[in-house]
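Reading through the structure tokens given below for one structure.
The values are calculated or read from the model by the stated rules, or taken from the named source; none is laboratory data. Given the structure is predicted, the values throughout are model-derived calculations rather than measurements. Note that each Cβ is placed from the backbone with ideal geometry, even for glycine, and that neighbours are counted across all protein chains shown. Please note that ligands, DNA and RNA were not included when accessible areas were found on the heavy atoms of the full protein model with its side chains. Shrake-Rupley method; radii C 1.70, N 1.55, O 1.52, S 1.80 Å.
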Amino acid sequence: MLSVSGLCASYGAINAVTDLSLEVGEGRLVCVLGANGAGKSTTLRAISGLHRPVVGSVRLGGAEIGTLPAHRVVRAGLAHVPEGRMVVAPLTVEENLRLSRYARRGDEAEMMARVYALFPRLAERRRQVSGLLSGGEQQMLAIGRAMMTQPRVLLLDEPSMGLAPAIIDQVFRAIVTLHKQGQSILLVEQNAEITLEICDYAYVMRRGSLVAQGTGAELRADASLLEAYLS
Ligand SMILES: Nc1ncnc2c1ncn2[C@@H]1O[C@H](COP(=O)(O)OP(=O)(O)OP(=O)(O)O)[C@@H](O)[C@H]1O
Ligand SMILES: [Mg+2]
């Protein structure tokens, strides 16, 4: 469904991503692991149109989207939850969710009900200004806002970053629920332990390139490999 091949992305003379290929099949939860600066966020930004131009091919359901600007990529069915959440602080929870209507995919009330079912905490705080939410709640809101576009593939950039362990568990449980509901997900993480437990397939990046891939079980079995690439 999402198929990336030969992707290269740079910042001037810095090659942040080099010749990267990966796939996210229908209904799959696929992750990209890597240490700081490995190129994970650049990969997601290159896929979702926030980084342009890129070399290589990004195909969604057979259509090339690697040349489209970000707003057209959202309409094509990809939603990106960026590193650091980026909720619109002065707006309420509900107003943040409504922002996604420009993508015009699906019924707004129905999608909002789905978001609130997944994150009851957001329903309780729907009239709260988003800037006053905790980090975990902001992460839930950022995921909810992406869900509002009914994406064919959901891109998540380090959703566990900066959260307390109990909150990380909650966020990961929500990701597992979405996966069970059939949502295709590409998850970027540094937290290998939890991620390898829940994903169908994983890629490991180092200095802009893929250095390993396999099922969660396969990669977990090779602890020395992960230690070498993730630290
Ligand atoms: N705006 C930028 N300008 C120049 N170089 C950048 C920029 N953003 C990232 N880079 C460089 O590109 C490389 C990949 O960065 P990227 O942010 O994609 O890594 P990452 O795996 O997401 O790291 P982290 O785990 O810290 O989020 C790094 O060497 C980084 O310093
Ligand atoms: Mg990053």
From the options ILE168, ILE185, residue that is out of contact with any Phe, Trp or Tyr (no Cβ under 9 Å at 6 or more places or on another chain), of a type in the set (A, V, I, L, M), farther than 26 Å from ARG72 by Cβ and in contact (Cβ under 8 Å) with a residue 12 or more places away in the chain: ILE168
Subset of the range 57-82, residues open to solvent by less than 50 Å² (accessible area, probe 1.4 Å) and among the polar types (S, T, N, Q), comes to SER57
Over the range 100-111, the set of residues modelled with pLDDT of 90 or more and among the aliphatic types (A, V, I, L, M) is ALA109, MET111
Looking only at the range 126-159, filter to residues that are assigned to a helix (DSSP H, G or I) and farther than 24 Å from GLN181 by Cα; which one of those is least open to solvent (accessible area, probe 1.4 Å)? SER130
Taking the range 32-56 and the residues there that are closer than 11 Å to GLY208 by Cα and of a type in the set (A, V, I, L, M, F, W, C), the one that is farthest from ligand 2 (Cβ to nearest atom) would be ALA35
Being more than 20 Å from LEU178 (Cβ to Cβ) and away from ligand 2 (no atom under 16 Å from the Cβ) narrows it down to one of ALA76, ALA123, ALA70, so name that one. ALA70
What is the number of the single condition among (1) within 16 Å of ligand 2 (Cβ to nearest atom); (2) surrounded by 20 or more Cβ atoms within 10 Å (Cβ to Cβ) that MET86 does not meet? (2)
List pairs: first in the range 1-23 and within 16 Å of ligand 2 (Cβ to nearest atom), second charged (D, E, K, R) and not in a loop (DSSP other than H, G, I, E, B), Cβ under 8 Å, 6+ apart or cross-chain? LEU7/ASP19; ALA9/ARG45
All helices (runs of 4 or more DSSP H) inside the range 160-231 with 2 or more residues being open to solvent by 60 Å² or more (accessible area, probe 1.4 Å) and within 19 Å of ALA142 (Cα to Cα): 165-180
Where the second residue is of a type in the set (S, T, N, Q) and the first is assigned to a helix (DSSP H, G or I) and lies in the range 95-116, which pairs have Cβ atoms under 6 Å and are six or more apart or on separate chains? ASN96/SER130; SER100/THR149; ALA103/THR149
